[in-house]
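See structure below.
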Amino acid sequence: MEGWAVLEELLLKVSDRIPIVCAAGNGGDDNVLYPASLAKADNGILSVGARTALKRPASYTPVSDRIS
């Protein structure tokens, strides 16, 4: 198995037992970075982004339905 495939398999297996919180990224575009991009409703991987004091997404954080 390629290194990234091994990491992905491990993250998915661990997320079945405990939540894994991953930063979505701060690139200012709508691309959620790896491994946060693995977040789905059926696994325990949570993708989080930055918020302003008004609880809105920060200008530098991705906006996606995958972000909690």
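The values are calculated or read from the model by the stated rules, or taken from the named source; none is laboratory data. From a predicted model like this one, the values you see are computed outputs, not experimental measurements. In this analysis, Cβ positions are derived from the backbone assuming ideal geometry, glycine residues included, and neighbour counts consider all displayed protein chains. Heavy atoms of the whole protein, side chains included, go into the accessibility calculation; ligands, DNA and RNA do not. Shrake-Rupley method; radii C 1.70, N 1.55, O 1.52, S 1.80 Å.
For beta carbons closer than 6 Å, sequence separation of 6+ or different chains, a first residue in region 39-59 that is more than 28 Å from Val14 (Cβ to Cβ) and a second that is open to solvent by less than 20 Å² (accessible area, probe 1.4 Å) and part of a loop (DSSP other than H, G, I, E, B), the qualifying pairs are Thr52/Ala58.
Of the residues that sit in region 11-44 and are in a loop (DSSP other than H, G, I, E, B) and small (Gly, Ala, Ser), which one is surrounded by the fewest Cβ atoms within 10 Å (Cβ to Cβ)? Looking at residues that are in a loop (DSSP other than H, G, I, E, B) and small (Gly, Ala, Ser), I get Ala41. Checked against (1) open to solvent by less than 30 Å² (accessible area, probe 1.4 Å); (2) among the small types (Gly, Ala, Ser); (3) at pLDDT 95 or above; (4) over 15 Å from the mean Cα position of the chain (by Cα), Ala58 meets all criteria but (3).
Taking the conditions exactly as written (at pLDDT below 95 and either in contact with a strand residue (DSSP E or B) (Cβ under 9 Å, 6 or more places away or on another chain) or not basic (Lys, Arg) (or both)), does Val32 satisfy them or not? It is true that Val32 is at pLDDT below 95 and either in contact with a strand residue (DSSP E or B) (Cβ under 9 Å, 6 or more places away or on another chain) or not basic (Lys, Arg) (or both).
Take Ile45 and decide whether it is over 10 Å from the mean Cα position of the chain (by Cα), of a type in the set (Val, Ile, Thr) and at pLDDT 95 or above. No.
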